[in-house]
1. Rolling a 1.4 Å sphere over the protein heavy atoms, what is the accessible area per residue of the protein assembly as shown, to the nearest Å²?
2. So what are the three principal axis dimensions of region C:21-86 from its Cα atoms, in whole Å, longest to shortest?
3. What are the membrane-span-like helices in chain C by this rule: whole DSSP H runs, Cα extent along the axis at least 20 Å, mean Kyte-Doolittle hydropathy at least 0.5?
4. Round to the nearest 10 and give me the degree value, 0 to 90, for the angle of helix B:472-487's Cα axis relative to the longest principal axis of chain B.
5. What Rg and what Dmax come out for region A:2-93 when only alpha-carbon atoms are used, in angstroms?
6. Beyond 47 Å, what share of the Cα-Cα pairs of the protein assembly as shown remains, rounded to the nearest whole percent?
7. Debye sum, Cα scatterers, region B:99-256, no solvent: what log₁₀ I/I(0) at q = 0.11, 0.12, 0.20 1/Å?
8. How far is helix B:4-21 tilted off the main Cα axis of chain B, in degrees rounded to 10, range 0 to 90?
Amino acid sequence: MIYYVVVSTLMFFAGVYGFVTRHNLLAILISLELMLNAVDINFVVFNRYLFPGQLEGFFFTLFAVAIAAAETAIAIAIIINIYRNIRNINVDNVDKMKY
Amino acid sequence: MEYSYIILLLPMLMFITLGLCGHKMSHRTAGLLGTSGLFIITILSYIVAAQYFMQPRVDGIYPTVTPYHFEWLRFTEWLHIDLGIMLDPISVMMLVVITTVSSMVHLYSLGYMHGEVGFQRYYAFLSLFTFSMLGLVVATNIFQMYIFWELVGVSSYLLIGFYYTRQSAVAASKKAFIVTRFADLGFLLGILLLSYYTKTFDFATLTSGDVSLVGTTEGKTFLGISVASWAMALVFMGGAGKSAMFPLHIWLPDAMEGPTPVSALIHAATMVVAGVFLVARLFPVYVTTPEVLTFITVIGAVTALYAAVVACVQTDIKRVLAFSTISQIAFMMVALGVTTEMNGHGALGYMASMFHLFTHAMFKALLFLGAGAIIHAVHSNEMSEMGGLRKYMPITHITFLIACLAIAGIPPFSGFFSKDEILAAAFEKSAFWGVWMSLVAGLTAFYMFRLYFNIFWGKEAHHEHTPHEAPKTMSIPLVFLALVTCFAGFIPFGHFVTASGLSYTIHLNWTVAATSICIAVVAIALATWLYMKPNDKPARMAESLSSLHRWAYHRFYIDEVYMFVTHKIIFRYISTPIAWFDRHVVDGTMNLMATLTQSASYHIRGLQSGRLQSYAVVFLLGAMIIAAIVLYCI
Amino acid sequence: MEQVANQVIFFLLSAIIVVCSIMAVTSRRILRAATYLLFVLFATAGYYFQLDYHFLGAVQVTIYAGGILVLFVFAILLTSKLGEKSDRISSRKRAWGLLAAVLGAAICGYTLLTHDFFPSQFAQGGELDMKTVGHALMGMDKYQYLLPFEAISVLLLACIIGGIMIARKR
């Protein structure tokens with residue numbers, strides 16, 4: 001069932017496209033979730049098709065979901081803090097510390 | 001003589017003190033400090049002079065003494081620059097002249113500059129000037145002299161431009177500096193030529209006769225003139241610039257923009273005679289190149305006549321005195337030029353020149369200080385604003401009259417003796433120069449008395465307030481210098497300063513003396529007839545000689561010729577293309593490089609945007625390309 | 001029959017995933033983008049169920065769809081006005097993004113489709129029972145994951161504290 005992987009590839013590159021084009025920090029985060037999700041699918045599919053007797057892919061996905069949750073929580077906290085300071089979350093405007 | 005270094009050191013310390021801490025002092029403190037310092041070194045230099053001339057003669061001449069001498073910069077075996085103090089008859093005489101005039105000017109300035117802004121700066125510059133002038137005259141070698149030569153140029157520049165808020169003063173100081181710098185270029189070339197062939201800078205060696213410039217340059221010529229003559233003529237060019245010889249005289253009349261005591265010190269008595277001193281210092285070398293001496297004579301004679309004619313029609317009293325100074329210095333130059341040998345009758349001119357330098361410094365300083373007192377009283381430089389001042393300013397009147405008589409050559413005032421020696425020397429050379437210089441002497445008497453009568457007699461001008469006699473600090477120097485002028489003629493000068501150093505007794509040549517007195521008396525009588533009582537004779541005379549009068553009044557348009565040459569020719573046809581080349585080709589290359597760098601970095605800058613998303617695109621594309629290569633190309 | 005039904009469902013889920021992924025990254029309204037993401041996540045959970053990983057599917061639905069998405073929606077509601085459209089993306093940026101995405105998809109897709117390394121069917125081992133999962137998670141032997149589990153729990157604790165620290169008002 002190669003098509004699982006093809007779909008996840010499309011999903012991943014949709015995420016890439018969103019990551020490099022969007023201005024909104026939350027939209028970028030959404031794109032990031034898409035990419036992460038595509039990778040999760042890959043792990044699960046490889047585990048199931050190629051090594052059905054083992055659980056590495058399964059557990060990797062499980063932990064990845066947990067880490068994604070943590071990462072999202074922190075990212076959103078940061079974004080809200082940025083919003084409080086500069087009243088928007090446009091990635092081009094977050095340059096106070098750059099210069 | 002052991003303390004002679006103090007004479008040099010004290011003014012320098014004074015300059016540093018007044019220059020650095022002057023603004024913290026009151027005017028009074030600064031003035032008194034400068035003046036008392038000057039009086040100390042005046043006394044010291046009198047002591048040095050007394051000691052020097054008291055010492056026994058060796059072979060009939062006063063030995064040259066170098067109390068201090070050290071090697072400063074050694075480049076090669078023979079090329080080394082030394083510093084030191086050299087005392088010989090002319091430098092000792094110059095020490096006396098400079099310190100006397102300078103101390104008088106310092107004292108006088110206490111009154112004249114009273115309350116001026118920058119009083120402390122003024123005294124600092126005066127000290128700097130005194131230091132550098134003294135360093136110039138005691139220089140042991142030509143390079144040390146050159147260094148101090150430039151220092152006097154700088155201090156002259158600073159003092160001419162003392163009123164730096166006045167546009168004309170700034171222009172005058174620049175003019176003086178540029179013209180003398182231009183002449184100093186010739187001086188430097190002359191020094192290089194001279195020392196290249198003689199392998200020494202040292203005056204003692206140069207003048208001792210051990211090395212011969214003519215001998216070492218035997219057979220070498222440039223443009224048909226021998227190298228020895230070139231070297232000495234170029235050195236003379238430096239002297240001509242400092243001493244305002246025609247055609248490098250243009251800066252001196254403008255230099256009168258400076259304060260009047262400065263004109264008295266620098267532009268009448270001391271600095272402008274540096275050129276004469278230079279020629280005198282190197283005279284043993286000049287004697288070996290008679291064509292250069294002829295050249296000096298011609299230049300001097302032309303300058304003397306030119307300046308005297310111009311002085312006859314000027315209306316600004318300081319300008320009259322400035323042209324008179326040029327004329328008198330030209331007298332000294334002529335006297336040096338007509339000297340043909342080191343001993344005997346032909347050497348009279350040298351002594352006469354030095355003698356005239358001495359007396360002229362005194363009476364010309366007196367004239368300038370008197371003019372300063374007058375200007376102080378009427379607040380104007382124009383003769384038409386004066387007239388009838390003899391009633392209000394008796395001391396100034398008497399001292400000015402003494403100085404006028406001295407410069408006109410009336411016995412027994414000092415100018416008579418020295419000028420008479422010059423005329424005698426000129427006649428000795430040829431009757432032509434003798435007649436020429438006698439004529440100039442007559443003109444001198446005429447314009448000085450024209451000045452005198454216009455100021456102190458004639459129609460009384462309307463004054464806003466009654467002119468008054470100058471304060472004590474100003475009249476004491478006048479009286480002192482007038483006394484010197486009265487009696488300096490009786491100094492047996494030939495006993496002290498001669499070309500060879502051998503004592504020489506001055507014999508008045510009564511034929512020459514009587515002629516010159518007659519000419520002077522006639523000229524004075526003419527001036528009296530024209531200017532003593534208010535009348536229209538001068539106006540009518542100017543009318544009948546209108547073109548000559550106009551030319552003389554505009555100084556024969558020499559300044560305009562300079563302006564034409566510099567602006568119309570040099571600036572337009574040389575400087576403008578060079579400026580264009582500099583701006584467009586030289587700068588253009590640099591600008592092109594800068595523009596290229598800038599635009600390159602401007603375009604590259606886009607890569608370092610700091611935007612994470614652009615980085616991500618680049619990173620991804622790179623990863624893709626690598627992946628494609630790894631998967632399909634290998 | 002079951003085979004065909006499975007395939008139909010698979011293609012349905014695939015269509016949802018592809019379409020909604022693309023919509024999620026191109027929609028100019030951020031709330032809609034989040035909604036499309038929700039659909040993608042649900043469809044992904046559907047994949048997991050299809051692959052007989054029921055536990056993972058449940059985790060996906062509860063944590064991703066239920067937890068993270070709610071966080072997203074909160075954040076969106078806090079930081080943008082309703083109905084607000086984001087700025088149009090500059091064509092230059094869009095071109096670069098498309099280039100990267102299409103080129104990547106092309107290379108990966110081409111590689112996948114030209115290499116045959118997948119069995120067309122997976123061995124029907126039935127679903128994993130919870131006991132196996134629980135033992136693997138809590139065991140300390142080989143292929144058992146107590147240590148990562150604990151590490152993750154510490155990480156989550158750190159995240160809780162960090163999140164509070166960052167987001168609290170000063």
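The values are calculated or read from the model by the stated rules, or taken from the named source; none is laboratory data. As the structure is a computational prediction, the values presented were derived from the model and not from experiment. As a convention, Cβ positions derive from the backbone with ideal geometry for all residues, glycine included, and neighbour counts pool all protein chains shown. Accessible surface is based on the protein model in full, side chains and every heavy atom, while ligands, DNA and RNA are left aside. Shrake-Rupley method; radii C 1.70, N 1.55, O 1.52, S 1.80 Å.
1. Values: 40500 Å² over 903 residues.
Computed with neighbouring chains in place, this is 45 Å² per residue.
2. Cα extents, longest axis first: 41, 22, 10 Å.
3. Values: long enough: C:2-26 (36 Å, 1.83); C:30-50 (30 Å, 1.23); C:91-114 (33 Å, 0.86); C:146-167 (31 Å, 2.35).
Helix filter hits for chain C: C:2-26, C:30-50, C:91-114, C:146-167.
4. The two axes meet at around 60 degrees.
5. For region A:2-93, the Cα-based Rg and Dmax read 15.9, 52 Å.
6. Pairs farther apart than 47 Å: 50 percent.
7. -0.54, -0.62, -1.25
8. The angle comes out near 60 degrees.
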